[in-house]
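The values are calculated or read from the model by the stated rules, or taken from the named source; none is laboratory data. Fair warning: this is a prediction, and the values are worked out from it, not measured in the lab. Backbone-built Cβ (ideal geometry, glycine too); neighbour counts: all protein chains shown.
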Amino acid sequence: MELHFEDVALTIRAGDLDVPFGLKDEALFLTVRYHLLELLCSKTEIFCFGMAPDNTADGQDELLQNGIFYRIIGYEKNLGIDLENSAEEVLSAFHYLVENFQPRWTTIFVEEGRDKKEVTIELLYQEVF
């Protein structure tokens, strides 16, 4: 029998974060971790919560948002939540994940259209705890 885990993603705005371009994985995670934890415990607005999206909006202004975002992707099983949980429960679960575990990888995606530029710092947690 093959185990199957569903990825869910939380996307929140990073505000006016000075994006640490040139860093990835552990160095990037350690650089943004404190800022991200502050946002997650401050009841920040959830921009998007749901199944993990792909990054294929490059060049398509209608699919892009101007700004800087964090996207955290993890397994529902590890988070202990699903798509029906409240915003407070979702933020709390992702806060716990970021506070207690290191992601498998962390990277920066930059997608640009003619009029919009979206920068996403993505943290991927795919280990089963």
message: List the residue pairs whose Cβ atoms are under 8 Å apart, where the first residue sits in the range 80-101 and is surrounded by 14 or more Cβ atoms within 10 Å (Cβ to Cβ), the second is charged (D, E, K, R) and assigned to a loop (DSSP other than H, G, I, E, B), and the two are 6 or more positions apart or on different chains.
response: Leu91/Lys43; Phe101/Glu127
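Please enumerate the residues belonging to the range 64-74 that are crowded, with 16+ Cβ neighbours inside 10 Å and modelled with pLDDT of 90 or more.
As a first pass, look at the range 64-74 and keep what is crowded, with 16+ Cβ neighbours inside 10 Å: 64-65, 67-74.
Of everything in the range 64-74, those that are crowded, with 16+ Cβ neighbours inside 10 Å and modelled with pLDDT of 90 or more turn out to be Gly67, Ile68, Phe69, Tyr70, Arg71, Ile72, Ile73, Gly74.
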Given (1) modelled with pLDDT of 95 or more; (2) out of contact with any Lys or Arg (no Cβ under 7 Å at 6 or more places or on another chain), index of the condition Leu91 fails: (2)
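Is the range 15-34 home to any residue that is on the phi < 0 side of the Ramachandran plot, polar (S, T, N, Q) and part of a loop (DSSP other than H, G, I, E, B)? Steps first, please.
Of all residues in the range 15-34, those on the phi < 0 side of the Ramachandran plot come to 16-21, 23-24, 26-34.
If we keep only those that are polar (S, T, N, Q) too, we end up with 31.
Retained after the next criterion (residues that are part of a loop (DSSP other than H, G, I, E, B)): none.
No, there is no match, as no residue in the range 15-34 is on the phi < 0 side of the Ramachandran plot, polar (S, T, N, Q) and part of a loop (DSSP other than H, G, I, E, B).
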message: Condition first: under 18 Å from Lys43 (Cβ atoms) and touching a Ser or Thr at 6+ places or on another chain (Cβ under 9 Å). Now tell me which residues in the range 93-129 satisfy that.
response: none
query: Would you pick out the residues in the range 3-59 that are surrounded by 12 or more Cβ atoms within 10 Å (Cβ to Cβ), at pLDDT below 95 and among the polar types (S, T, N, Q)?
result: Thr44, Asn55
Flag for Leu37 being touching a His at 6+ places or on another chain (Cβ under 8 Å), under 14 Å from Thr11 (Cα atoms) and either without any contact (Cβ under 8 Å) to a residue 60 or more places away in the chain or not β-branched (Val, Ile, Thr) (or both): yes
